[in-house]
Amino acid sequence: MDVRLKVRYDELVAIGKLTSRCFRTFRYILATTSSSKMVTRCEFLKKCSFLDPLTNEQISKLAGALETVTFEDGEYIVRQGDAADSFFIIEEGNVKCTQIKSTGREVDLL
């Protein structure tokens, strides 16, 4: 089940329309969703052999820092020459890795 909370917590408090019961329910949903997501991410990361040297604590920190990004079929994730400001771990789906040679020809790498 994918739960997306689009309203920020501070906005809800500022509006002041939450009763204490609703507030407790909101906190519970937020906590259980976050906890479940963390467990799922940690389990996924532990299956990534290149992360084997990391401790459980380091895996947990990494899981907490991850952000899910979805790409459409055929969309580029990163292009040659782009700034290296992100690190991607493919959780689901397939990717095609290519390189543009000096001749301008695109060559499959994987």
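The values are calculated or read from the model by the stated rules, or taken from the named source; none is laboratory data. These numbers were taken from a predicted model, which means no experiment stands behind them. Neighbour counts are summed over all protein chains in view; Cβ atoms, including those assigned to glycine, are modelled from backbone coordinates with ideal geometry.
See the values below:
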item: Any hit, the stretch 22-30, residues being in contact with a helix residue (DSSP H, G or I) (Cβ under 8 Å, 6 or more places away or on another chain), at pLDDT 65 or above and either of a type in the set (K, R) or surrounded by fewer than 10 Cβ atoms within 10 Å (Cβ to Cβ) (or both); result: no
item: Contacts under 7 angstrom Cβ, first residue in the stretch 57-68 being of a type in the set (S, T, N, Q), partner surrounded by 12 or more Cβ atoms within 10 Å (Cβ to Cβ), 6 or more apart; result: S60/C42
item: Qualifying residues in the stretch 33-52 (those that are exposed (fewer than 14 other Cβ atoms within 10 Å of the Cβ) and among the polar types (S, T, N, Q)) - the one nearest to E91 (Cα to Cα); result: T40
item: Output for the stretch 73-93, where each listed residue is closer than 30 Å to S35 by Cβ and without any contact (Cβ under 8 Å) to a residue 24 or more places away in the chain; result: I77, D85, S86, F87, F88, I90, E92, G93
item: Per-region count, the stretch 94-110, residues under 29 Å from V39 (Cβ atoms) and at pLDDT 90 or above; result: 0
item: Residue count, the stretch 91-106 (criterion: in a loop (DSSP other than H, G, I, E, B) and over 23 Å from L66 (Cβ atoms)); result: 5
